[in-house]
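> Below is the structure I would like to discuss, written out as structure tokens.
The values are calculated or read from the model by the stated rules, or taken from the named source; none is laboratory data. Being a predicted model, the structure only gives us computed values, none of them experimental. Heads up, the Cβs are rebuilt from the backbone with ideal geometry, glycines too, and the neighbour counts pull from every protein chain shown.
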Amino acid sequence: MEDQASAVWEGDATDGSGTITTGALLGTQYGGPMDTVSQTGGRQPLTCTGELIAAAHAASFSRALSAELDRIGLLAERITTTAKVTSGAFSTGWVVTAILLDVVARVPAARIDDLIDAAMTAKTNCFVCRLLNANVSLNARLDR
């Protein structure tokens, strides 16, 4: 399986900006962690690499958790995952230092220990968790 995205960056690292295109994103503007862009007299935030990593991680983990719940015979009606990416500037450049996955799952037949066990296994099997070299923390709760 191959996935593809393209990015175009224009300008220097401080004042430049770029666009990213995937199957779902078409020319979405991105910049650094706190960048904004002027448009018709106002300021509009750009997305940034950290947000894109967070989005990919939340999506990947939600799918991995759904698969794990399926494997143990539990059907999730809804899984909502928020990923909070923490990064910092080091002498070698920007580094993702930690990620917090906050998960709320509606799984009618599940007990909390079912969810926690499934979430821990999903964290081990999640494509993005395995890809990133960062400390990944996890909060999980059932939505009744």
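> Against the conditions (1) touching a Leu at 6+ places or on another chain (Cβ under 8 Å); (2) modelled with pLDDT of 85 or more, where does Gly31 fall short? Just the number, please.
It is condition (2) that Gly31 fails.
> In the range 97-124, which residues are of a type outside the set (Ser, Thr, Tyr) and within 23 Å of Thr49 (Cα to Cα)?
Ala98, Ile99, Leu100, Leu101, Asp102, Val103, Lys123, listed by residue number.
> Which ones in the range 65-119 are charged (D, E, K, R) and either surrounded by 12 or more Cβ atoms within 10 Å (Cβ to Cβ) or touching a strand residue (DSSP E or B) at 6+ places or on another chain (Cβ under 9 Å) (or both)?
Hits for the range 65-119 are Glu68, Asp70, Arg71, Glu77, Arg78, Lys84, Asp102, Arg106, Arg111, Asp114, Asp117.
Residues are listed down the side, and each one gets a yes or a no for (1) assigned to a strand (DSSP E or B); (2) on the phi > 0 side of the Ramachandran plot; (3) under 13 Å from the mean Cα position of the chain (by Cα); (4) at pLDDT below 95:
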residue	(1), (2), (3), (4)
Thr80	yes, no, yes, no
Val85	yes, no, yes, yes
Leu101	yes, no, yes, no
Ala105	yes, no, no, no
Asp117	no, no, no, no
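> Let me ask another. In the range 120-144, which residues are crowded, with 17+ Cβ neighbours inside 10 Å and of a type in the set (D, E, K, R)?
Once the filter is applied, which keeps residues that are crowded, with 17+ Cβ neighbours inside 10 Å and of a type in the set (D, E, K, R), the range 120-144 yields only Lys123.
> Continuing with the same structure: Please enumerate the residues belonging to the range 8-30 that are farther than 14 Å from Ala56 by Cβ and part of a strand (DSSP E or B).
Answer for the range 8-30, where residues must be farther than 14 Å from Ala56 by Cβ and part of a strand (DSSP E or B): Val8, Trp9, Glu10, Ser17, Gly18, Thr19, Thr21, Gln29.
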